[in-house]
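Data block below; observations after.
The values are calculated or read from the model by the stated rules, or taken from the named source; none is laboratory data. Computed from a prediction, not measured in an experiment: that's the story for all the values here. Here the Cβ is made from the backbone with ideal geometry for all residues, glycine too, and neighbour counts use every protein chain on show.
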Amino acid sequence: MHVEDISLLANLTIALVTAFAGGIIARRIGLPTTVGYLLAGMVIGPFTPGFVGDVADLSQLAEIGVIFLMFGVGLHFSLHDLWAVRRVALPGAILQMVIATGLGFILSRYWGWEPLSGLLLGLSISIASTVVLMRGLMDNGLLSTGAGRIAVGWLVMEDIATVFILVLLPIIFGGQSAQSPWSALVSLLKVAVFIVVMLFAGRKLLPKLLDVIAGTRSRELFILAAVAIALGTAFGAATFFDVSLALGAFLAGVVLKESQFSHQIGDDVLPFRETFAVIFFVSVGMIVNPLYLWANAGQVIMLTTLIVVGKALITQLLGFFLPASGRTMLIVAAGLSQIGEFSFILGQAGIRLDILNQEQYSLILAGSLLSIMLNPLMFRAIKPVEHVMQRLSPRLWERFDRHPLQPADIALPREGHVVVVGYGRVGQHIVNVLERLGVPRLVIEIDSGRAAEFNARGVPTLFGDAANSDVLMHAGLERARALVVTLPDETATEMVVAAARNIAPNLPIIARAATTKGVGRLLKLGAHDVIHPELEGGLEVMRHTLLCLGYPATQVQGYTDAVRRDEYDTTVSSPAEHQALDQMVRAARGIEIAWRLVSEHSPIIGQTLAEANIRARTGASVIALIRNQQLIANPKSSTVFQAGDLLGLIGESEQIAAAEQLICGTPELVGVPE
């Protein structure tokens, strides 16, 4: 097979490998992975030496990335959530977009751009990146707070506005010039028809189709159905209604949001979305000409300053008029002081419609790249800026902070708590028991719907992927009593355990393993106790069997603990296991540890251990006593015997038998059989 026959495969492979390297480097130095993907695109682009990727091939794959991105936005779009923060998010997003667009337009006119190009530049910098905002809020433990919900609602409004802009651009500027009024009306009518079809017919048909597919009990078919709906709806919208792929994918997600399978669809489509989104960012980076950016460094710095500082100041100024707390507006300002994927999509639409040229688009990309790199610093600056404003101008801060924090926010425990990662059946049981015992607990959950539900029920919850973000940094692991990881995915569990051990070296960690090899890996990574549910069930069966055969409970427990310490190796290979089994053999054959019941007619009732003098009279020693289900080890000589006591006796067979006669009659055998 010739290389040219696999050009698409070669481009895809090299793009993903380069993006992987770029993402690793970006995370190592504390930057979002998106920065690494964009730089990877520049490395394999036509403006740098070495391998040059095929822009046309990767651009087509990038279109799939756009479809899945918009499909994901639709799946997470919630009118209910948006309505809950409408008083801040709706006017805030609209005003910020208008002001930022105006400032971008003014800056472009200063550079001598055409009015339409300047307008599109302004629109591009007014829209923040969904990926970067969600990651920033998640990494800083803010996504499930009132400020995080307002920031997400604000972003949803921007996303909706972007969708309408993408719809209107080809209608108004289709081809090389503006359309006639009649053509524009026809195009708008097609869009309206498509929306009606999706919201009415699609809402009835697509969920029923998924019901049928789910009934086949084939996971492959279900995943294929979700992907086919996303791609098929986008393609059908473009082919039959002349609607953008982005709008088609967005509406498909909105329709499926109402399905009972929406969470499952999101989980199944996530790998496709993440993979093709990476290709999208790489394809964007390939268009950037580093030499042009260097030659126009002044414009790059001015545009980046407008995006990072200008948008943050606009948001903060709006805080004087919006019903939100000062800290909330600082968080929203930090999260929105960047641009990303939607700006790229908008810029690409401008290039196709001859509104922007390649150099102007490169400038937008440069502003995005630098603003994304600086965004983590904006989050770190929230507290210092808050303190400076409070100290320099208390009256100004009082005006800025005249609205209290959202009362729905739940205070996260700071110390002495147990952190539970994952809230499945196991995690739920643990959290319920901790609540009953009055132990502070904190849940980390990756599903946004469940996280919101837990917060509503009063369970302190951080929303985020503990295996792939900095959310653990905000869980107070250094001051926690324990970390319990109940994730079913063993790889994710290993990442959580490794990260937690680095944050809190002395923290007790209890983790769940899915395989026997995983038990060993988790122990090496720093977990104190690793539970393998399937093997634990077998171990419990063995424990009950040994107890039924009369072996002492303490020695049976010692053996099961030894098996756990030996990573569930049931071949009896460790010294601890040999010792535990040897003790049970000796107990069964010679020196016995037996439990004897003190009946209601026993002559020793009311006597102390010293008065009964069992050891001197029989040779057997009382080494333990169980009363009211409480174990008393090595009872004192002043201990008074009561009816119902279980005495733990140690001695030879004849000595145990003599002690039984002393206790009275033929005692009930509770321990080792004779």
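Quick notes on this structure:
- Top-ranked residue in the range 334-365 [being in contact with an Asp or Glu (Cβ under 9 Å, 6 or more places away or on another chain) and surrounded by 24 or more Cβ atoms within 10 Å (Cβ to Cβ); ranked as nearest to LYS383 (Cα to Cα)]: LEU336
- Any pair with Cβ under 7 angstrom, 6 or more apart, that starts in the range 524-550 at a residue that is closer than 23 Å to GLY424 by Cα and ends at one that is aromatic (Phe, Trp, Tyr): HIS532/TYR568; LEU535/TYR568
- Test: residue in the range 220-242 that is within 29 Å of ARG352 (Cβ to Cβ) and modelled with pLDDT under 75: yes
- Selection from the range 279-298 of residues that are surrounded by fewer than 19 Cβ atoms within 10 Å (Cβ to Cβ) and assigned to a helix (DSSP H, G or I): PRO290, LEU291, TYR292, TRP294, ALA295, ALA297, GLY298
- In the range 19-28, residue modelled with the highest pLDDT [restricted to those that are surrounded by fewer than 23 Cβ atoms within 10 Å (Cβ to Cβ) and not aromatic (Phe, Trp, Tyr)]: ALA21
- ILE331 fulfils the conditions (1) out of contact with any Ser or Thr (no Cβ under 9 Å at 6 or more places or on another chain); (2) buried (at least 24 other Cβ atoms within 10 Å of the Cβ); (3) of a type outside the set (Gly, Ala, Ser) except for a single criterion, (1).
- Residue match in the range 456-466 (condition: of a type in the set (Phe, Trp, Tyr) and assigned to a strand (DSSP E or B)): yes
To keep it simple, each residue is scored yes or no on (1) among the hydroxyl-bearing types (Ser, Thr, Tyr); (2) in contact (Cβ under 8 Å) with a residue 60 or more places away in the chain; (3) under 25 Å from ALA62 (Cβ atoms); (4) not assigned by TED's automatic domain parsing to the domain that holds PRO91.
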{"site": "LEU293", "(1), (2), (3), (4)": "no, yes, yes, no"}
{"site": "GLN299", "(1), (2), (3), (4)": "no, yes, no, no"}
{"site": "GLY310", "(1), (2), (3), (4)": "no, yes, no, no"}
{"site": "LEU317", "(1), (2), (3), (4)": "no, no, no, no"}
{"site": "ALA334", "(1), (2), (3), (4)": "no, yes, no, no"}
{"site": "ALA349", "(1), (2), (3), (4)": "no, yes, yes, no"}
{"site": "LEU363", "(1), (2), (3), (4)": "no, yes, yes, no"}
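- Being hydrophobic (A, V, I, L, M, F, W, C), at pLDDT below 80 and within 28 Å of the chain's Cα centre (by Cα) is not true of VAL167.
The rows are residues; the columns are (1) in contact with a Ser or Thr (Cβ under 9 Å, 6 or more places away or on another chain); (2) assigned to a helix (DSSP H, G or I); (3) at positive phi.
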position: ARG87; (1), (2), (3): no, yes, no
position: THR101; (1), (2), (3): yes, yes, no
position: TRP113; (1), (2), (3): no, no, no
position: LEU142; (1), (2), (3): no, no, no
position: ILE160; (1), (2), (3): no, yes, no
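- The number of residues in the range 119-140 being more than 14 Å from GLY367 (Cβ to Cβ) and assigned to a helix (DSSP H, G or I) comes to 10.
- Residues that are more than 16 Å from HIS263 (Cα to Cα), in contact (Cβ under 8 Å) with a residue 24 or more places away in the chain and either surrounded by 13 or more Cβ atoms within 10 Å (Cβ to Cβ) or not charged (D, E, K, R) (or both) are absent from the range 208-226 altogether.
- Apart from one condition, VAL243 fits all of (1) under 29 Å from the mean Cα position of the chain (by Cα); (2) part of a loop (DSSP other than H, G, I, E, B); (3) among the β-branched types (Val, Ile, Thr); the exception is (1).
- Residues located in the range 185-207, provided they are surrounded by 16 or more Cβ atoms within 10 Å (Cβ to Cβ), among the hydrophobic types (A, V, I, L, M, F, W, C) and modelled with pLDDT under 80: VAL191
- Matching residues, the range 612-630, being surrounded by 13 or more Cβ atoms within 10 Å (Cβ to Cβ), not basic (Lys, Arg) and not in a loop (DSSP other than H, G, I, E, B): ALA612, ILE614, THR618, SER621, VAL622, ILE623, ALA624, LEU625, ILE626
- Residues that are touching a Lys or Arg at 6+ places or on another chain (Cβ under 9 Å) and buried (at least 24 other Cβ atoms within 10 Å of the Cβ) within the range 309-328 comprise just one, ALA324.
- Selected residue [surrounded by fewer than 23 Cβ atoms within 10 Å (Cβ to Cβ), in the same structural domain as VAL254 (by TED's automatic domain parsing) and modelled with pLDDT under 85] from LEU16, LEU90, LEU12, LEU31: LEU31
- Residue among VAL433, VAL388 that alone is loosely packed, with under 13 Cβ neighbours inside 10 Å, over 19 Å from the mean Cα position of the chain (by Cα), within 30 Å of ILE301 (Cβ to Cβ) and at pLDDT 80 or above: VAL388
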